[in-house]
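Below you'll find the structure, written out as structure tokens, and then a few comments.
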Amino acid sequence: SIASLAPSTRSHFGSSIPSAYFDDLSLRPCITMLGRRFVYAGEAWRFGTRGKFDITRIPPWKRWPRNALLRTPLSKFPELEPLVDISLCTDPAVLADVVCEVVPWKRRWEHHAWLHLVCKRAQYLLPDTSPRDVVRVILAFGELYTKRRTHTLLFHDYETYTQLFQALPVGAATAKTLLPLLRAYRRMGVAHEAFVRAACDQVAAGTIELEIDQLTELVKLLADERIMSPRLFEFAAEVLDLKFAYFSEDNVGDITRAFCALRYRSQLFFSTLKRELPFRLHEYAWWNLIDIADLYLTFQVDDRDMVQRIGNEAFKLVFSMKYQYPAKALKVLAFLEAADKRTFRLLIRNQLRCIKSLDPVLTADTIMACVALQVDPDTVYHRLAGGTLYHMFTVNLLKGLGSLSAKKTCDVVAALASAGQIEHDLMHAVAGIVVARPYKFHAEHLISLLRDFATCRHKATDLRALLLDRHDQLPECTPSALCSLPDALFGHQPRSFSVAGGDSTTSGGLGHGSGYSHRDDAEILAEASRLLCAPGAYRLPLDPRALRSKDDFWWQQLRQRHFRLRRRAAAAGVAVEPAVGITRDPLDIGDSISSSGSSAALAHVSRQECLQLVDGCARLRWYDESLLHGIASWLCEGRRHAELTPGEVACFLEAFCILGYAQPLLRVSLEHALLRVAPTMDPMHWTRALRGALEVGMCVRSAAMRALVQRCTSGLAFVPPEDRDAFNVVAASILQASEREILSTSSVHKSSWTRLPIEIQMLRRAV
């Protein structure tokens, strides 16, 4: 009963609560419940099982510090006053004593005036202050931080902090003071790298001896301050190699995160991980496991055995991951291709727990990882549709879309477009950012955005107008962007534009609609045509970094074109994929970037990009004879025409048919390609292939045409209903053309009788 429990409750609360609270019957149930909680907690403490959260389940940087001063509420802080008048103090040692005793307790806003007075006096007495007192003053001000924000101070006086560190000699940094000084250095936001580098050099030289935990924290502090110290990092890798058994998994994880943040590659560190991790990786927590995998992804380490081990261990830790790590694990494992389908499905289901805590960059990377894993918007992953997942990621991305780089923005839009996920809110936001900050985006980025917007059927005429004014930036674009230009322009035509009434036979002309001028289109397309097909008009940059902010593929291609970079990457253990036309031997010096950098841009494009260029020109009705001649020469060179798929052959035939371009060498190449793919061509491509083959000048009785006609006759019922009328018209044209050929042949050879090929006769009967 309440009456029987009240005395025990009173005894557990102690004398801090007045007895009147226990006598009030209305408060007795609440006090009884609190008393039970105290009883349960006391019993748990007595038996050794405290009722607390296990902090080993969360990363170290998420745990609150154990400093008792930080856990004390501000209302319970005593009001300390100095024993001497600060404004009249002339002894630096006395001032340092006062600062050490009083400053750590001055944490309220009303104390800032007194703290500024102390800073002014410290600056005045700084020339006479000993290094020991300078260290004491720095550490006293460095204690003014809170439990939840341990990396910043409650009081800032940048001028005083800077002068204190400038007056501090390197000899003042010892094994006991180095880490406290660097912690204060980070909290104060001081920029005095000379002192930090000199202290790190003393650690690497052995003058200052640190424990393993201290050395790990020093490396982590340097990573937080973005200070590169290769000598100290190699020293840390050597200590790790020598005493790996004495390093905890969090120590290894902290060093890994530091090297990944600073992009510092240590071959000794990777060799140590390769030797030791196979025996210990199964014991690592999820945050250390994923961060090690992120290091392998960042440096593209060619170690499939270790990567596969990480993917296998990640499966059992999926549902334990918190914060942003489910998304980070999905990104890392997807790009490393280090997990199976079961692990990826669990990670996709677990994304809802972390979406709201993701930053814009990680959100964008996760979207691209989902696209790389072929997450279908129409597929349901354990009551979670893929389209819903994409939409939730996009909504979270809209909050910080402006903080993404131009290239990252284009990559996200391209990923969503390739997945078929249409997000008009994202596209409106991207268009608004481009209009508000036009010079952040290069012509390369504008072409990419317009192409992907057109794929998603989203109009952006403002971006098109910006692109038309950037024709002077076309020489700086990649060949892929130049091939996408006609398609990007066609997808965002103004409403008054119409290609139906255009004249497609005029060289360098566009179709003319009512009330719309194509002078700007003609100017930028003519410049693109010149760069694509004119020898020497386009030159790849000598420095690969010029394309790093535009296209990852071309940046890697240019890096792999130079034999020294390929040899250096292969020696460092990076997976090297030689570019097209380059030997796989990293020691071969026969190829360099200067050998092919000054040729036409069309010489560097792929088969898909060339098809996109031809299709864009056909849709835009852009007829440029020199450009089409260059495309035909590129297609007929080597065995490129023999690598075309059935759909690509049909697209090429239809595009050349629309443009009205024919050439004997092109006709022979396409005839050879058509003969090869005709038996496997899908019914959706039959009409386009037959019409294009007739227009480019293929003989109706040729082997390619007869093979395609036989394929169409055998599966006539599979012709799509929307193509049935067009197919009948093309079939009639084929029959008439075959009859004319037979009659013309008989008149020349004076033959008494003629006969149609059996395939044509079967087509006549079937139609």
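Where the only charges are on Cβ atoms (+1 Lys, Arg; -1 Asp, Glu), what is the dipole of the range 131-178 about its Cα centre, to the nearest 20 debye?
About 300 debye.
Rounded to the nearest 0.05, what FRET efficiency do Ala372 and Tyr124 have when you use their Cβ-Cβ distance and R0 = 51 Å?
The value I calculate is 0.25.
Please compute the net charge surrounding Thr394, taking Lys and Arg as +1 and Asp and Glu as -1 over other residues with Cβ under 12 Å from its Cβ.
-1
Which value in nm describes the separation of the simple spin-label points at Leu665 and Ala534, placed 7 Å from the Cα toward the beta carbon?
Modelled inter-label distance: 2.1 nm.
Please give the contour-minus-distance gain from Ser403 to Leu80: 0.36 nm per residue of separation, less the Cα-Cα distance, rounded to one decimal in nm.
Additional length available on full extension: 111.8 nm.
Run the 1.4 Å probe and let me know the accessible area of Ile658, rounded to the nearest 10 Å².
Ile658 exposes around 60 Å² with every protein chain in place.
In nm, give the distance between the simple-model label positions of Thr72 and Ala522, each being 7 Å from the Cα along the Cα-to-Cβ direction.
8.3
Sequence-distant or interchain residues sharing an amide H contact under 5 Å with Asp302, placed H: which?
Val574, Ala575
Determine the distance separating the Cα centre of the range 597-673 from the Cα centre of the range 277-313; give it in Å without decimals.
What the calculation gives is 45 Å, centre to centre.
Given 0.36 nm per residue, what is the gain on full extension from Ala205 to Arg149 after removing their alpha carbon distance, in nm?
Fully extending the segment from Ala205 to Arg149 adds 16.8 nm.
Tell me which residues come under 5 Å, amide H to amide H, from Tyr623 once H is placed; ignore anything under 5 positions away on its chain.
HN-HN under 5 Å from Tyr623: Gly508, Gly509.
Between Trp61 and His116, 0.36 nm times their residue separation minus their Cα-Cα distance comes to what?
16.7 nm
First select every other residue whose beta carbon is under 12 angstrom from the beta carbon of Lys322; then total the charges, Lys and Arg +1, Asp and Glu -1.
Within the 12 Å Cβ shell, the charges total +4.
From the backbone phi of the range 678-693, what are the Karplus-calculated ³J(HN,Hα) couplings (6.51 cos²θ - 1.76 cosθ + 1.60, θ = phi - 60°) in whole Hz, Gly and Pro given as x?
Per-residue couplings from phi come out as 4, x, 10, 6, 6, x, 5, 9, 5, 4, 5, 5, 5, 5, x, 5 Hz.
Please report the carbon-and-sulfur percent of the accessible area for the range 622-725; probe 1.4 Å, protein heavy atoms only, DNA, RNA and ligands left out.
The computed percentage sits at 53.
For the range 109-184, calculate the relative contact order in percent as a whole number, restricting contacts to Cα pairs under 8 Å that are 6 or more residues apart.
Worked out over the range 109-184, it gives 40 percent.
Applying 1/(1 + (r/R0)^6) with R0 = 51 Å to the Cβ-Cβ distance of Ile758 and Glu637, what FRET efficiency is obtained, to the nearest 0.05?
Here the calculated transfer efficiency is 0.90.
Hey, with R₀ at 22 Å, roughly what FRET efficiency would Thr298 and Arg275 work out to, going by the Cβ-Cβ distance, to 0.05?
0.60
So which of Lys220/Lys322; Lys106/Lys220; Lys274/Lys407; Lys106/Lys356; Lys356/Lys407; Lys274/Lys399 end up more than 31 Å apart by C-alpha?
The answer is Lys274/Lys407; Lys106/Lys356; Lys274/Lys399.
Once you list every other residue whose beta carbon is under 12 Å from the beta carbon of Asp487, what net charge do they have if Lys and Arg are +1 and Asp and Glu are -1?
So the surrounding residues net to -1.
The values are calculated or read from the model by the stated rules, or taken from the named source; none is laboratory data. Keep in mind it's a predicted model, so treat the numbers as computed, not measured. Cβ coordinates were reconstructed from backbone atoms using ideal geometry, including for glycine residues, and neighbour counts include every protein chain displayed. Surface areas here come from the heavy atoms of the whole protein model, side chains and all, with no ligands, DNA or RNA. Shrake-Rupley method; radii C 1.70, N 1.55, O 1.52, S 1.80 Å.
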